[in-house]
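Data block below; observations after.
No value in this document is a laboratory result; all are computed from the given coordinates. Computed from a prediction, not measured in an experiment: that's the story for all the values here. Cβ placement follows ideal geometry from the backbone for every residue including glycine, while neighbour counts extend to all protein chains displayed.
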């Protein structure tokens with residue numbers, strides 16, 4: 001029954017992808033966000049303008065339950081799998097909106113893992129809503145000028161406690177993807193009574209803040225500029241100055257890094273989804289082209305060497321897809337408290353491994369697939385360069401290759417090597 005219901009939903013969603021979502025995605029690419037710092041009278045407004053297609057994509061994400069599906073758990077441990085397949089189908093047509101969804105899912109996961117505190121119940125409801133008028137997206141403001149992955153030594157933002165128990169944040173956020181989000185999670189160092197802060201990861205705490213106040217004004221946040229990126233141009237990535245932004249401490253003081261581990265797991269899985277989806281999209285286009293393009297007197301599909309190249313890419317993509325599905329299956333078990341100790345160990349190991357390999361794989365596969373179109377693959381109006389550009393970031397987002405390699409080592413060390421027998425028995 002579950003399979004039948006999910007299958008019907010996916011077929012319906014597939015039709016919507018082709019008729020509505022795909023054109024919206026292309027509109028997002030053609031109309032990237034713009035930034036206006038001052039109005040005509042010299043007043044600072046820091047306005048990030050996004051396209052109507054981008055805003056509509058947010059409504060579609062809510063209507064389809066692209067975040068809600070995982071937290072409603074209508075199908076128990078299979079709900080994560082249902083969500084992941086929808087995101088996989090959505091990714092290549094989303095016009096970059098898969099990125100804010102990844103961060104929104106990560107934020108919802110953090111709040112849930114904290115036991116959904118009373119002060120965050122409203123926010124959790126918005127992040128997991130199916131109502132377009134209530135749905136919020138979340139940012140993930142971790143990167144500062146001194147470091148990306150090295151948050152322990154690179155985070156300079158300071159949090160000052162206020163008499164009412166809230167905090168004011170002061171600092172510079174160097175990369176803030178989807179800067180038009182409604183809320184965000186961010187790290188900062190709590191200042192003591194003398195204004196001193198503790199350095200290292202033990203000094204970092206996790207905060208939740210709304211980007212705008214009740215009047216729609218920025219929450220003591222100044223937008224310095226939008227980033228000029230190689231890809232993902234559909235999405236506003238900005239440099240932000242926090243000048244007393246009102247925030248709520250949601251982790252135990254000094255436990256910020258530990259509190260975002262659940263978020264990292266979810267956003268890394270989203271990264272894998274994006275990588276596998278990009279590979280599948282490019283190979284599908286390449287195969288279709290091979291059925292139509294005639295060269296040297298016959299169709300490309302009748303040239304053995306050409307088909308051998310496509311077959312190699314196909315094998316890699318299918319393997320990556322199966323690995324993704326296995327990871328999501330394990331996550332579903334963990335979230336419904338039905339996972340064995342072996343399942344938990346395996347999930348901890350496979351997430352960084354899968355993110356590492358698929359990020360690299362995707363870049364290689366989409367470039368190879370672009371080559372299969374010859375010179376046409378290099379033409380902007382085919383839409384192929386967009387896929388290539390947007391794929392190249394996937395080896396960087398959520399941890400570069402060496403960072404992930406070290407994370408794999410931590411997984412081995414923490415389990416005292418116990419995860420390896422589990423891995424080998426599963427593979428066999």
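Calculate the length of the line joining the C-alpha centroid of the range 366-381 to that of the range 65-108, in whole Å.
That distance is 30 Å.
Computed over the Cα atoms of the chain, what is the ratio Rg over Rh, Rh following Kirkwood?
Value, to two decimals: 0.98.
Using only the alpha-carbon atoms, how far is helix 52-63 inclined from the longest principal axis of the chain? Give it as 0 to 90 degrees, nearest 10.
Taking Cα atoms only, the helix is inclined about 90 degrees.
From a point 7 Å beyond the Cα of residue 303 in the direction of its Cβ, which residues of the range 367-389 have a backbone N at a distance under 11 Å?
Output list for this probe position: 372-375.
Which length gain, in nm to one decimal place, applies between residue 416 and residue 197 when the Cα-Cα distance is subtracted from 0.36 nm times their residue separation?
Details: separation 219, 0.36 × 219 = 78.84 nm, distance 3.39 nm.
Contour length minus the Cα-Cα distance gives 75.5 nm.
Evaluate the Kirkwood expression for the hydrodynamic radius of the range 212-269, namely the inverse of the mean inverse distance over all pairs of different C-alpha atoms, and round to one decimal in Å.
Working: mean 1/r = 0.0694 Å⁻¹.
By the Kirkwood definition, the hydrodynamic radius is 14.4 Å.
Students often check this: by mean Cβ neighbours within 10 Å, which of 389-395, 222-228 ranks highest, and how do the rest follow?
Numbers: 389-395: 22.1, 222-228: 14.4.
Descending mean neighbour count gives 389-395, 222-228.
Below 8 Å between Cα atoms, with a sequence gap of 6+, how large is the relative contact order for the range 260-427 in percent?
With pairs under 8 Å counted, the relative contact order is 30 percent.
In percent, what relative contact order does the range 138-255 have, based on Cα pairs under 8 Å that are 6 or more apart in sequence?
Over the range 138-255, the number comes to 30 percent.
Before anything else, pin down the relative contact order of the chain: Cα pairs under 8 Å, at least 6 apart, normalised by residue count, whole percent. Intermediate values should be presented prior to the final figure.
Numbers: 737 pairs, mean separation 60.3, N = 428.
Here the relative contact order equals 14 percent.
Fewest first, what order do 306, 82, 47 take by the number of other Cβ atoms within 10 Å?
Lowest count first: 47, 306, 82.
Ratio to report: Rg/Rh of the range 327-428, with Cα atoms as the point set and Rh obtained by the Kirkwood method; give two decimals.
1.13
Just subtract the alpha-carbon distance of residue 402 and residue 255 from 0.36 nm times their residue separation and send over the number in nm, one decimal.
50.5 nm
Roughly how tilted is helix 261-290, in degrees to the nearest 10 and between 0 and 90, from the longest Cα axis of the chain?
It works out to around 30 degrees.
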